[in-house]
Amino acid sequence: MYDQLRVGFLNSALEVSEFSEGGNLVVMASGFSPVGDIQVFLQYINGTARVGEDVGVEARSVTLDRETLSAVVPIFPLFDSLYEAEREFFTVRIVDVVGGVIDPERDTATVAVIDNTFLSVGGFVRDTSEGAGRAFVEFFIDGTNAVPLTLLFTATTTSEGAGFATAGEDFTELVDVPVVVEPGGLFPNVSITIINDLITEFPEQLQYFIRTEMPRIDISGRGRTFSILDDDFVRLAFNQMLATVSEGDGEIGFSLAVVEGSLGVDYSLNVSSTDSQNGGADAGSDFIPINEMFVLTFETTTVSFAITIIDDEVPEEAESFTFGVIPPQIEGLGVLLPEQAVVVIEDDDQLRVGFQTTTLTALESEEIVNVQIVVSGPSPPFLQMKWSSQSHC
């Protein structure tokens, strides 16, 4: 008869990393020197970590060294390229001992497998229009997750002024909305509500962020932006598209106004007159050309201007010229402009034409009698007359 040895684990906890070579559990006996070999039988119990998937084992039993009364149980991790819980666990238990007894206080060891797989996740939002009502978030993941991923999505704006969307006016703000991605599943649908404010504006930018409190996840697209394109059109119109004026009037007044819709930004434009190819009026001779800049705003929706007509004191046919609006090149600002307006200039310069004398005496022997015609008034560019004679009894 001999005193039995008590056998158990020297280290009851062990951590191994997927990228490491692994580690060892140590089985040790305490008591008197053994009479023969002491053999220890082991059982591996799966937990969140699984033998053959997350961790590998070599020994199902070990024999203690007679001098040290110990033996090592090698544990090595298996790299599976899956994003998992940061630590997964399984247990090793001593189930039988030949040549000794199991120490009930040291019969179990816990092994933690540290996951080293990093994921890259992110998302993007395409430019949208007010009329679309919503902007949809498209998420992506680079890698494979074996556990649910929780991403937090925020849509907001951190800047103010022209070109930046305003929460509550242009969109409904989202703050840390959870997006859960199940293993092997599709991303859930996340949308941002876009508000149609019926005001013509510049394309406005909205910022969005993705973050997570989970470890080992790289976020792509922090603080990215997308644009809300305005789909509200404003229509401008002149107060009249065809006007008739006399040279003697001196000038003619016009106005340009917003007649449909609303402007939410300052809108600068030029009113410019040009020679008419068919109308005949010449800039500088018949009218003073106009090329003026005006600004339309939300409060100032009408601008007025006048075009000066030149009295050239030359009798002419009625002449015309046109003028129109030259808009700024602003992408995404929906403004419908009027066509060119036409101004007809009627001449007020008249010529008086008559004979120099109304009575003329001639002899029958004279073959030709000269009749003189006189013109009073401004010089005409060209004058053609017809006359006839008749006898009096």
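The values are calculated or read from the model by the stated rules, or taken from the named source; none is laboratory data. Every value quoted in this text rests on a predicted model; they were computed, and no experiment measured them. Note: ideal-geometry Cβ built from the backbone for every residue, glycine included; neighbour counts use all protein chains shown.
Quick notes on this one:
- Test: residue in the stretch 203-213 that is outside the structural domain of Ser285 (by TED's automatic domain parsing), more than 19 Å from Gly122 (Cβ to Cβ), within 17 Å of the chain's Cα centre (by Cα) and hydrophobic (A, V, I, L, M, F, W, C): no
- Count - residues of the stretch 60-88 that are of a type outside the set (Ser, Thr, Tyr) and buried (at least 18 other Cβ atoms within 10 Å of the Cβ): 9
- Taking every residue in the stretch 298-319 that is closer than 11 Å to Glu247 by Cα and pairing it with any residue that is assigned to a strand (DSSP E or B) and of a type in the set (Asp, Glu), at least 6 positions away or on another chain, the pairs with Cβ-Cβ distances below 8 Å are Thr308/Glu251; Ile309/Glu251; Ala318/Glu346.
- Residue in the stretch 224-246 that is closer than 30 Å to Thr117 by Cβ, over 15 Å from the mean Cα position of the chain (by Cα), assigned to a strand (DSSP E or B) and not β-branched (Val, Ile, Thr) present: no
- Only one of the numbered conditions (1) of a type outside the set (Lys, Arg); (2) surrounded by 14 or more Cβ atoms within 10 Å (Cβ to Cβ); (3) under 30 Å from Glu84 (Cβ atoms) is not met by Pro148, and that is (2).
- In the stretch 170-197, the residues that are exposed (fewer than 12 other Cβ atoms within 10 Å of the Cβ) and part of a loop (DSSP other than H, G, I, E, B): Gly184, Gly185, Leu186, Asn189
- Every residue from the stretch 34-51 that is farther than 16 Å from Ala71 by Cβ and at pLDDT below 90: Val35
- Count - residues of the stretch 225-269 that are among the charged types (D, E, K, R) and closer than 30 Å to Ile210 by Cα: 2
- Answer from Thr158, Thr154, Thr128 - the residue that is closer than 13 Å to Tyr208 by Cα, assigned by TED's automatic domain parsing to the domain that holds Gln207 and surrounded by 14 or more Cβ atoms within 10 Å (Cβ to Cβ): Thr154
- Residues located in the stretch 89-122, provided they are closer than 25 Å to Val190 by Cα and surrounded by 21 or more Cβ atoms within 10 Å (Cβ to Cβ): Val121
- For first residues located in the stretch 80-91 and farther than 9 Å from Ile114 by Cα, partners that are assigned to a strand (DSSP E or B) and of a type in the set (Phe, Trp, Tyr) and lie 6+ apart or on another chain with Cβ distances below 7 Å form the pairs Phe90/Tyr44.
- Strands (runs of 3 or more DSSP E) contained in the stretch 1-75 and holding at least 2 residues closer than 30 Å to Phe118 by Cβ and either within 60 Å of the chain's Cα centre (by Cα) or not aromatic (Phe, Trp, Tyr) (or both): 13-17, 23-30, 39-45, 55-57
- Residue count for the stretch 207-223, restricted to those that are without any contact (Cβ under 8 Å) to a residue 60 or more places away in the chain and not in a loop (DSSP other than H, G, I, E, B): 2
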